[in-house]
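Scroll down for the structure; my scribbles are underneath it.
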Amino acid sequence: MPGSASSHRHWHSHVDEIIVLLNGALTLVEDLGETPLLPGDIAVFPAGVSDGHCLRNDSAAPAQFFVVASRDPADRCHYADADLIAEPDGTLRRADRTVVA
């Protein structure tokens, strides 16, 4: 939806992600900057690369994208901007290991 984001910027320890923009226009937000995406554009995020990323809709129109991801029960999802890590058991903790209720 216009004005929304796909998630907090994040990266996965054990899960590869591929994003394909189907329609609309989005901005890929990464540690190194922002990249406009148009239909047919593809972004790839290998597991274990600590490049936090998300998609943001800066336009006035809806957009659709498709995500292909591997699955690994050992995966940890790191949300650097929020200082959170989603553990394999579903708990959230701070980077300092404090469990978040």
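Only one of 41, 16 is closer than 22 Å to residue 81 by Cα and either of a type in the set (D, E, K, R) or touching a His at 6+ places or on another chain (Cβ under 9 Å) (or both); which?
Residue meeting the stated conditions: 16.
Could you tell me whether residue 39 is on the phi < 0 side of the Ramachandran plot, out of contact with any Lys or Arg (no Cβ under 9 Å at 6 or more places or on another chain) and open to solvent by 60 Å² or more (accessible area, probe 1.4 Å)? Spell out how you get there, then give the answer.
Working: on the phi < 0 side of the Ramachandran plot: yes; out of contact with any Lys or Arg (no Cβ under 9 Å at 6 or more places or on another chain): yes; open to solvent by 60 Å² or more (accessible area, probe 1.4 Å): yes.
Considered against the rule, which asks whether it is on the phi < 0 side of the Ramachandran plot, out of contact with any Lys or Arg (no Cβ under 9 Å at 6 or more places or on another chain) and open to solvent by 60 Å² or more (accessible area, probe 1.4 Å), residue 39 comes out as yes.
Can you tell me how many residues in segment 45-69 are surrounded by 15 or more Cβ atoms within 10 Å (Cβ to Cβ) and either part of a strand (DSSP E or B) or among the aliphatic types (A, V, I, L, M) (or both)?
8
Write out, first by first residue and then by second, each pair whose Cβ atoms fall under 7 Å of each other, whose residues are 6+ apart or on separate chains, and whose first residue, in segment 1-30, is in contact (Cβ under 8 Å) with a residue 60 or more places away in the chain while the second is among the acidic types (Asp, Glu) and surrounded by 15 or more Cβ atoms within 10 Å (Cβ to Cβ).
12/75; 13/75; 14/75; 15/75
For residue 18, only one of the following conditions fails: (1) over 11 Å from the mean Cα position of the chain (by Cα); (2) surrounded by 13 or more Cβ atoms within 10 Å (Cβ to Cβ); (3) β-branched (Val, Ile, Thr). What is its number?
For residue 18, the exception is condition (1).
Residue-by-condition table, conditions (1) more than 21 Å from residue 3 (Cα to Cα); (2) modelled with pLDDT of 95 or more; (3) in contact with a strand residue (DSSP E or B) (Cβ under 9 Å, 6 or more places away or on another chain):
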position	(1), (2), (3)
29	no, yes, yes
39	no, yes, yes
49	yes, yes, yes
53	no, yes, yes
81	no, no, yes
86	yes, no, yes
91	yes, no, yes
100	yes, no, yes
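Given the conditions (1) open to solvent by less than 70 Å² (accessible area, probe 1.4 Å); (2) under 15 Å from residue 8 (Cα atoms); (3) touching a residue at least 40 places away in the same chain (Cβ under 8 Å); (4) touching a Pro at 6+ places or on another chain (Cβ under 8 Å), report the number of the one that residue 76 does not fulfil.
Result: residue 76 fails condition (1) only.
The values are calculated or read from the model by the stated rules, or taken from the named source; none is laboratory data. From a predicted model like this one, the values you see are computed outputs, not experimental measurements. Methodologically, a virtual Cβ is constructed for each residue, glycine included, from the backbone with ideal geometry; neighbour enumeration extends over all protein chains shown. Side chains are part of the model used for accessible areas, which takes the heavy atoms of the whole protein and leaves out ligands, DNA and RNA. Shrake-Rupley method; radii C 1.70, N 1.55, O 1.52, S 1.80 Å.
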